[in-house]
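Everything below concerns the one structure shown next.
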Amino acid sequence: MNIPELIKEARQGSTAAQKCLFDQFADKMLMICRRYVKMPEDAEELMLDGFYKFFKNIVAFNYQGDAALYAWLKKIMVNECLMFLRKKTVFTIVSETLADELPLQEEALNNLSAAEIVNLIIQLPVGYRTIFNLHAIEGIPHAEIAALLGITEGTSKSQLSKARTLLQKMLLQNQTDYGTRKTR
Amino acid sequence: MVHEKPDESFHWKKRLGEIDHLPGESVHDKTASWEKLHDRLGKKPRTNKIMWYWAAAACLCILAGLQWIKVKEKDTPVVTVEPLAIPQRSSDTSGIIKSNPDAHATHTVIKKRQSNSIAVKEKNKPVFTSIGLNNKNAAMDPDTVKKSLPPFIVNTVKPVDTIALITVAPQRKKLRVVHINELGKPMEQEIQFARSNVLPAFEAKVFRQDRSAGFSLSRNFSDNIVKIKLSPSN
C-alpha cells in the first residue's frame with residue numbers, strides 16, 4: 001500500500017493505515033526531535049505529540065506528494081519542540097561569552113558523518129542549538145525565528161554566530177583528538 | 001559567517017534527514033511508541049470530560065437550590081385571620097366608662113394578627129374564622145362553629161395549636177380609666193345640683209369654740225352646733 005492510499009485510509013479512521021504511516025516516519029521524526037531536545041525521553045514524547053496532532057488533523061491535509069507530507073510532519077515536530085523549549089528556556093540569556101569568533105568551515109562538516117554532526121549539535125547549549133537548527137538546517141530567516149521564539153532579530157543572529165564558533169571549536173577539538181588517537 | 005548561504009552546505013544537511021538513529025544508542029522501539037500513541041488516539045480529550053462534569057455539577061446545584069426554596073416556601077406559615085367578632089357586653093358599664101379594656105385588648109390582638117399574619121391562640125381556644133357564618137358579629141363559639149361546618153371539614157381540619165410555635169409579647173395591662181365623678185353621684189346629677197341654688201348643708205359640732213377658725217360663727221352657732229352652707233364657689 002502506497003502513501004496516498006495510507007493517507008486515505010487513515011482519514012477514514014483505519015488504525016492499520018495509521019500504524020503503517022507511523023512506522024514509516026517515526027524514526028526520522030524522532031531524529032528531528034533529538035536535534036532540538038537533548039533528552040531522548042523528551043524527544044520521544046514530543047514525537048508522539050506530533051503524530052497525535054498529525055492523525056487528528058489528517059482530514060485537513062491535502063496530499064500533494066511524499067515530500068509535502070514529510071515537510072508537513074517535520075513542521076509539526078519542529079513546532080512541538082519549540083513549544084516545549086519555550087516553556088523551559090529563556091532564549092535571551094546568553095549562557096556563554098566567546099572572546100574571539102571563529103568562522104565555521106562547512107567543508108569540515110561535510111567530512112563528518114550524519115551521526116557525528118547530530119552529536120555535535122546536541123552538545124551545543126540550548127539557545128545556540130535551537131537557532132542553529134532553525135536557521136542553518138531548516139533555513140528559517142532570523143526575523144521569523146525572532147517571532148517564533150519571542151526574541152529580537154539581533155539576539156537570533158548573535159546566538160547563531162556563537163553557535164557556529166562553538167561548533168568550529170568542537171570540530172577542531174575532534175580533529176585533534178582524532179589525530180592524537182591516530183598517532184597512538 | 002552571518003551571511004551564510006544554506007544551499008552551499010546542502011549535502012551535510014541532506015544527510016541529517018537520512019539518519020534513523022544515533023550510533024551507540026538503543027534502537028527506538030516503535031511498537032511500544034505506537035501502543036502509547038494508539039491509547040492516546042482512542043481516548044477522548046480530557047477537557048471535554050471535565051467540562052461535562054462541571055456542567056453536571058452546576059445543574060445538580062441549581063436543582064438542589066430550587067428544591068430547597070420550594071420546601072422553604074411550603075414550611076413558611078401564612079395564616080390569614082379574619083377579624084374576630086367582639087363579644088357584646090352588658091350595657092351597665094356603658095356611660096362613664098369610656099371603653100371596655102377587655103374589648104380594647106381583643107382589638108389590639110386582632111390588629112397584631114392582621115399585621116403579622118400570625119394566628120394567636122386566645123385563652124386556650126382554637127381560632128375560628130367566620131367563613132360561612134351568617135352572623136359575623138356574634139361571638140365565636142367552637143362548638144357552634146363545628147356544628148355549622150360540614151362534617152368532612154370538621155373531621156379533617158383540626159385546630160392547630162400555634163401558641164407553641166409563636167411567641168407573642170405579653171400584652172400591656174392598661175389601667176382602668178375612671179372618671180372622678182364615678183366615685184360619687186352621676187355626673188349629670190352633680191351638674192344639676194351645682195346649677196340649682198339649693199345648696200346642701202351639713203352640720204359640724206364644735207366642741208371648743210376658742211379653737212375654731214377666725215370667721216364668725218355667731219349667726220349659725222347654736223348649742224355647739226355649726227351649720228355650714230356650701231356656696232357654689234366651694
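Remarks
- Cα convex hull of the stretch A:1-63 - mean projected area over all directions, nm²: 4.2 nm²
- Set A:Lys88/B:Lys36; A:Lys162/B:Lys13; A:Lys157/B:Lys36; A:Lys8/A:Lys88 screened for pairs whose C-alpha atoms are more than 28 Å apart: A:Lys157/B:Lys36; A:Lys8/A:Lys88
- Within-12-Å neighbourhood charge of B:Ala32 [Cβ basis; K, R +1; D, E -1]: -2
- With θ taken as phi - 60° and the Karplus curve 6.51 cos²θ - 1.76 cosθ + 1.60 applied, the whole-hertz 3J(HN,Hα) list for the stretch A:152-162 is 7, 5, x, 4, 4, 5, 5, 5, 5, 4, 5 Hz, x standing for glycine and proline.
- With the convex hull constructed from alpha-carbon coordinates only, the stretch A:106-183 shows a mean projected area of 5.2 nm² over all directions.
- Environment charge of A:Met1, counting only residues whose C-beta is closer than 10 Å and scoring Lys/Arg +1, Asp/Glu -1: -1
- When the pairs A:Lys28/B:Lys49; A:Lys19/A:Lys74; B:Lys147/B:Lys174 are compared against a 25 Å limit on Cα-Cα distance, A:Lys28/B:Lys49; B:Lys147/B:Lys174 fall above it.
- Where labels lie 7 Å past Cα in the beta-carbon direction, separation of A:Glu116 and A:Ile7 in nm: 3.8 nm
- Label-to-label distance, nm, for residues given as B:Asp75 and A:Ala71 (7 Å Cα→Cβ offset): 7.2 nm
- Once divided by 2.2 N^0.38 Å, the Cα radius of gyration of chain A becomes 1.18.
- Here r is the Cβ-Cβ distance between B:Lys174 and B:Ala56 and R0 is 41 Å; the resulting FRET efficiency, rounded to 0.05, is 0.05.
- Cβ-based net charge around B:Gln67, under 15 Å, with every Lys or Arg adding one and every Asp or Glu removing one: +1
- Label-zone membership for the stretch A:1-25, site A:Tyr63, 7 angstrom Cα→C-beta point, backbone N under 12 Å: A:1-12, A:17-18, A:21
Since every read-out is calculated from the coordinates, none of them should be taken as a lab result. Note that this is a predicted model, so its numbers are computed, not measured. Neighbour counts run over all protein chains shown; Cβ positions are idealised from the backbone, glycine included.
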